[in-house]
Amino acid sequence: MSISCPKCGKVFSKESSVTRHLSQPRSSCHSSIRDMVDISQFAESVLQLRRSPDPTLYHGINSDAYPSHFDVDFFETEEEEYMSAEEQYEDAGTCYSQDGLTFLDLFDTDEYAEYRKDNLFYPFASKEEWEIADFLLRSPLSMAAINEFLALPMIRGLKLSFSTAKELRSRAEMLPKGPSWKCQIIPSLHRTKNPIRLFWRDPVECLEALFSNPLFHDKLDFVPRRVYTTAARLTRVYSEWLTGDFAWEFQSQVPRGATILGTIISSDKTNITTMTGARVAHPLLLGLANIRMQTRMKLSSRAFLLTALLPIPQYLHSTQRMRGVLEDRLIHQCLSIVLKPLMIAAEIGIMMSDPIGNVRHCYTPLAAYILAKIQVDPNDLEGYFDACAIYHLNGVHAPFWQDWPFACPSVFLTPEALHHWHKQFFDHDLQWCIEVVGAQELDFRFSILQPTTGYRHYSGGITKLKQVTGRVHRDLQRYIVGLLVGAAPRRFVIAIRALMDVRYLAQSPSPDDNLLASIDQSLSTFHQNKDVIMTLGARTGTKKTIDNWYIPKLELMQSITASTRKVGALIQWSADATEHAHVSEIKEPARQTNNNDYDPQICRHLDRQDKLRRFAIAMTLKSGVLDPDPEELPMDEGDDEDIAELEEPSTDQRTALLEGLNRTRVTTNYFIKAKEAATVPRGPSPHPPRTFTAGNTAIHLNYSPTCTGMKIDDVADEFNIPDLRDAISNFLRLDARNRDVIHGVGISRRSLIDRPSTLPFDRVQVWHTVRLQEVSFHDPCVILPAQTLHASPPCPGWPKGQRDAVLINVDREYEWPQSGLRGHAICEVRLIIRPMARRGSHITWRDQYLCYVHSLKVGAVHPAAGMHVLKRAKHGDGTPVGNIVPLKQMRTFISIIPELGAAADARLTKETSAHYSSSFFLNKYFNKQLYYALYHASQRIDT
């Protein structure tokens, strides 16, 4: 049976030859606008593939690449489908051939491929020379500095094949290239200071580069699916883009077997120069929604490509607002030009190869919109603008999405965390709080909070902050609710807390129907109480009080649940990753320019860096060199909430490449360190491992104690713990009876007045800090950065000592974070020790690390703040209740906020506020891990 190419008519003997022909990058049938491919000729082969017992032929790369967080097989058989918690779209993501061109296939079609058969690193003489060239070309060194470096006698002695920076760059130009840049002059009916130049590259080629990138080979999804919490399929879960309703609906609009590739577009102006110059660039970034959000959201994954530098002209129109209209129109005109190939691909499809060479018929959706027409000539700027003002429109008569099939702004313009939720909090919620509480009082309350290691402390308050970033917005949200209680009316606190709940819930990476219902309920709570904001006169402008609720960011919150059901978890659309991409794609290249005519120089720099990156990937794959040992990479004790993978280093080479080439810093993984300490065979150790795991928590102590050989009585005096001996004696008695006992806290002890406690040791080792690291609540394969807890004695900087609160497990039937607070107690850590045997004697007790804690009783939830009230547990004589528990019972750091009342005591400081307070709030807003654990636990109790 002969098959002909639908474009040129060339006859082939089999279907795979046709698809390979269509995929050839140098073939005329593989044009930039991607003419329609008639796949009806593949019907017979498609039917055979559907009957194939091997699901990888049409559903994906391999079933192991798609682990499910719900413990169900990604590829279900027909007999098991009724038991699955996932429902997959049938006849989607079909692989039409396995003969497509992979990244290395394209690499080998380069004009210099023949030379690389003899010298893999051509145009460089050797691997060592390539490494030197790669270092120099990636460095911020100027061409003059590179020339000086290459002129050094020691470097000249290496006999490099290049001796100047110009020669080096010319060799870099010989490397295989990716999508090419082009420049286009945009005509305009209105005068501008300079010609309008648009620098761009084919977005389909950019999308192909992402889709076929070997670094993402096990990070891609192809088939729309509906995910449920249980096999009964009652409660829907929305996480990745393909789990939303829009992907499912769009799949029904394309031919059977097609693969939909979600197109992500980000465009925002960014400053090139700092302090002076006021130079601005307007980048257009392109991403692929099929890349899983955990990889796509990593700032170092480079999952977004710069596709265009949109022009920023200077129009000479006399009216300023008309200049704004012209700039807006130009942006949409340029977007229409740049994105036209994607619009055609969304309508007729395009054949693409995935990272392992499976050929797929791909469609590139964005969304659908029907635009209302304004009956005024758009060239009449003044008249058209006035007509648009009636409908609150901005005067753009041809939005770029008008020709994009199935494109709808209500779908692709999703609520966004960075610019919508966090900015709305700072611009509105925080300003309301300042008006109600008072700037001086609110500043003081922030200033006396006990500092937390790794987080910014606002010693000077928050009302006069400069250069406020998204991180600052998040930091302020951690504490604002607890600090309002007592100083603001009850209904005002409820309104602020309701909006805070919306933000935290909406950032869940896997929201379900119940969580979305909670978001709607929180929004309803805000609207029921928002009138108090007006009553208190808190909603004010620069000069007068505002008597309306025309807040666009607040209005966008009403669409959170609808958008989540359409496009999956909204946190994956946050601008954090794309804002960071401005650094690597715009700011860093701009620093390599001569500060004149930035755009073409940025494009040349990015083109060169892309060649270097592609060559590095190819050389690594071809030479079989894996990434370096993670232990050799620089460790980062970061204070942010970036994530790191818990799994041991993968044996898959391409996965190792992703982790090596895309990782700029590494979060210290104490789980792996603990496993190594427990499995590496060693002789008799003088002490237990300093790093160990307990449940879902890894615990790490410094190898060297802060103090060693301290007498117990000296420790009791220094740390002001008069009942330390009694507490240790009581602990040893209980532990000796049952080595498997879980020690409780908050339990009063009988004081041994008639005889002092005798202990089998006199001295202890003391640590002032301990680090706790947890696994993510939503994905146990992901670890979070470790958090440092303090248990230090009084000192000049801390007259009462520095002590942090911690969650202690007191019932092995419950495990954090799944159980919430059940089976756990909250305590203040006062001391961390390890008993030392007397010289010449043996240890007769269980050798382990211990901590002395003061118990905090967990009370009811505060009706306005929505947080548990904590009070110090005390004996009848008023002294605090203290206990010794093993360090391994620690689970997580707990942030507590003192209950300050109507006016905070002016004598309090950040060093003493926790010591002199007897009542606290359990600050569930401190991080999302704690918030989600408490939220889901409360939902289980309610049901």
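The values are calculated or read from the model by the stated rules, or taken from the named source; none is laboratory data. On a predicted model such as this, the values are computed, not experimentally measured, just so you know. Because the Cβ atoms are built from the backbone with ideal geometry, glycine has one as well, and the counts that use them run over all protein chains shown.
The residues of the stretch 518-536 that are in contact (Cβ under 8 Å) with a residue 40 or more places away in the chain and part of a helix (DSSP H, G or I), listed by number, are Ser518, Ile519, Asp520, Val532, Ile533. Checked against (1) buried (at least 16 other Cβ atoms within 10 Å of the Cβ); (2) within 27 Å of Gly349 (Cβ to Cβ), Pro283 passes all but condition (2). Residues that are more than 26 Å from Asp597 (Cα to Cα), in contact (Cβ under 8 Å) with a residue 40 or more places away in the chain and not acidic (Asp, Glu) occur in the stretch 175-184; there is at least one. Each residue in the stretch 403-459 was checked for being closer than 30 Å to Ile348 by Cβ and either part of a loop (DSSP other than H, G, I, E, B) or within 23 Å of the chain's Cα centre (by Cα) (or both), and 9 of them qualify. Which members of the stretch 100-119 meet the condition of being surrounded by 15 or more Cβ atoms within 10 Å (Cβ to Cβ) and within 20 Å of Glu167 (Cα to Cα)? Residue satisfying the conditions is Arg116 alone. Residue-level check: of (1) modelled with pLDDT of 95 or more; (2) on the phi > 0 side of the Ramachandran plot, Gly746 misses just (1). Here Leu175 meets the list (1) surrounded by 21 or more Cβ atoms within 10 Å (Cβ to Cβ); (2) assigned to a helix (DSSP H, G or I) almost entirely, failing just condition (2). Limited to the stretch 189-240, what total is found for residues that are part of a loop (DSSP other than H, G, I, E, B), among the charged types (D, E, K, R) and farther than 21 Å from Ser510 by Cα? Residues meeting the conditions: 4. Hey, can you tell me all the residues within the stretch 84-106 that are of a type outside the set (D, E, K, R) and assigned to a loop (DSSP other than H, G, I, E, B)? Selection gives Ser84, Ala85, Tyr89, Ala92, Gly93, Thr94, Cys95, Tyr96, Gln98, Gly100, Leu101, Thr102.
Against the conditions (1) surrounded by fewer than 18 Cβ atoms within 10 Å (Cβ to Cβ); (2) touching a residue at least 60 places away in the same chain (Cβ under 8 Å); (3) touching a Ser or Thr at 6+ places or on another chain (Cβ under 7 Å), Asn595 satisfies every one except (3).
Annotation for the stretch 465-480: at least one member residue is under 14 Å from Asp443 (Cα atoms) and touching a strand residue (DSSP E or B) at 6+ places or on another chain (Cβ under 8 Å). State all residues of the stretch 315-358 that are at pLDDT below 85 and in contact with a Lys or Arg (Cβ under 7 Å, 6 or more places away or on another chain); if no residue qualifies, say none. Selection gives Tyr315, Leu316, His317. For the stretch 460-511, which positions are among the polar types (S, T, N, Q), in contact with a helix residue (DSSP H, G or I) (Cβ under 8 Å, 6 or more places away or on another chain) and part of a loop (DSSP other than H, G, I, E, B)? Answer for the stretch 460-511, where residues must be among the polar types (S, T, N, Q), in contact with a helix residue (DSSP H, G or I) (Cβ under 8 Å, 6 or more places away or on another chain) and part of a loop (DSSP other than H, G, I, E, B): Thr463, Gln507, Ser508.
Closer than 28 Å to Asn213 by Cβ, touching a helix residue (DSSP H, G or I) at 6+ places or on another chain (Cβ under 8 Å) and in a helix (DSSP H, G or I) - does that describe any residue in the stretch 107-118? Yes, the stretch 107-118 contains at least one residue that is closer than 28 Å to Asn213 by Cβ, touching a helix residue (DSSP H, G or I) at 6+ places or on another chain (Cβ under 8 Å) and in a helix (DSSP H, G or I).
For the stretch 538-581, the set of residues classified as touching an Asp or Glu at 6+ places or on another chain (Cβ under 7 Å) and either under 21 Å from Glu435 (Cβ atoms) or small (Gly, Ala, Ser) (or both) consists of Ala538, Thr540, Gly568, Ser574, Ala575, listed by residue number.
Among the conditions (1) touching a strand residue (DSSP E or B) at 6+ places or on another chain (Cβ under 8 Å); (2) assigned to a loop (DSSP other than H, G, I, E, B); (3) under 26 Å from Trp816 (Cα atoms), Trp798 misses just one, which is (3).
With respect to being on the phi > 0 side of the Ramachandran plot and within 24 Å of the chain's Cα centre (by Cα), Arg302 fits the description. Annotation: Val472 fulfils all but one of (1) surrounded by fewer than 18 Cβ atoms within 10 Å (Cβ to Cβ); (2) touching a residue at least 60 places away in the same chain (Cβ under 8 Å); the unmet one is (2). Selection of the stretch 493-514 for residues being touching a residue at least 60 places away in the same chain (Cβ under 8 Å) and over 19 Å from the mean Cα position of the chain (by Cα) yields Val493, Ile494, Ile496, Arg497, Leu499, Met500, Asp501, Asp512, Asp513, Asn514. Among the residues making up the stretch 547-602, a single one is in a helix (DSSP H, G or I), aromatic (Phe, Trp, Tyr) and modelled with pLDDT of 90 or more: Trp573.
Every test in (1) surrounded by fewer than 23 Cβ atoms within 10 Å (Cβ to Cβ); (2) modelled with pLDDT of 95 or more; (3) aliphatic (A, V, I, L, M) is passed by Leu870 save one, and that test is (1). When the strands (runs of 3 or more DSSP E) confined to the stretch 846-943 are screened for residues that are closer than 16 Å to Ile808 by Cα and in contact (Cβ under 8 Å) with a residue 60 or more places away in the chain, those reaching at least 2 such residues are found at 850-861, 882-886, 890-894.
Each row is one residue, and each column tells you yes or no for (1) of a type outside the set (A, V, I, L, M, F, W, C); (2) in contact with a Lys or Arg (Cβ under 8 Å, 6 or more places away or on another chain); (3) at pLDDT below 95; (4) at positive phi.
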residue	(1), (2), (3), (4)
Pro785	yes, no, yes, no
His790	yes, yes, no, no
Pro796	yes, no, yes, no
Ala805	no, no, no, no
Val810	no, no, yes, no
Ser819	yes, no, yes, no
Ile826	no, no, no, no
Ile832	no, no, no, no
Arg846	yes, yes, yes, no
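Would you point out the residue of the stretch 546-574, among those that are of a type in the set (Gly, Ala, Ser) and surrounded by fewer than 18 Cβ atoms within 10 Å (Cβ to Cβ), that is nearest to His428 (Cα to Cα)? Among them, the one singled out is Ser559. On the basis of being surrounded by fewer than 23 Cβ atoms within 10 Å (Cβ to Cβ), of a type outside the set (S, T, N, Q) and over 22 Å from Val396 (Cβ atoms), does Lys298 make the cut? Considered against the rule, which asks whether it is surrounded by fewer than 23 Cβ atoms within 10 Å (Cβ to Cβ), of a type outside the set (S, T, N, Q) and over 22 Å from Val396 (Cβ atoms), Lys298 comes out as yes.
Can Ser584 be described as more than 21 Å from Val280 (Cβ to Cβ), within 19 Å of the chain's Cα centre (by Cα) and among the polar types (S, T, N, Q)? No; evaluated as a whole, the condition is false for this residue.
Of the listed requirements (1) surrounded by 18 or more Cβ atoms within 10 Å (Cβ to Cβ); (2) free of Cβ contacts under 8 Å to residues at least 40 places away in the same chain; (3) not basic (Lys, Arg), Ser97 misses just one: (2).
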